[in-house]
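Every number here is computed from the coordinates shown, using simple stated rules; none is lab data. Note that the structure is predicted; figures quoted are calculated from it, not measured. Here the Cβ positions follow ideal geometry from the backbone for every residue, glycine too, while neighbour counts run over all protein chains shown.
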Amino acid sequence: MSSVIARRIRSAPHRPAAETWQVISKILCQGGQPLSQELDRVAGIVASTIVDQMPKDTPIVVIGKGPRVRFYCLYGDDAITGDDANEDALPVKPLEGSWEIHVPFPPDEVEWAQCALKKHSSRILAYDSEAGLKESGNEKTESSARSSTAIDLDALNRL
């Protein structure tokens, strides 16, 4: 089982969806100009799923160097208070070397989103928020991984 880092990003009404993606991009890129340009090219597409509140319960998943990174978004009162927010820098640079970002979309928008994303990046992919993200090898999904017992490393670090 691989390690997982989770971040909870404040979205609407604290900040618009496009700014939410900018925060996620800054956390991921850590100053890497070519990387931030690639993420900027898909900003409108990803913002559309952030507006639909897909990342509230189904994460944007980054698979790359180091542990898997999951980004969830906070909305409504949770976004305003920011009590559960964690927008800290990552202890690793997941976008070094080979990486992929998997973005959740409603089932009826996956095909459209995949085509739109592919025009701008081969490493940023859409996945069905209801079916979950297939893991390589054992075919578990992100949704089933969320329902299994897991250790929240961020909570442990705050102790």
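Past 23 Å, Cα to Cα, is the threshold; run K65/K134; K26/K118; K93/K119 against it and keep the listed order.
Details: K65/K134 18 Å; K26/K118 21 Å; K93/K119 25 Å.
Distance filter (> 23 Å) returns K93/K119.
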Would you mind computing, in nm to one decimal, how far apart the modelled labels at S98 and I80 are, each placed 7 Å from Cα along Cα→Cβ?
4.7
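So how much slack lies between C115 and V51, counting 0.36 nm per residue of separation and subtracting their Cα-Cα distance, in nm? Present the calculation step by step, with values, prior to reporting the outcome.
Details: separation 64, 0.36 × 64 = 23.04 nm, distance 1.92 nm.
Length gained, C115 through V51: 21.1 nm.
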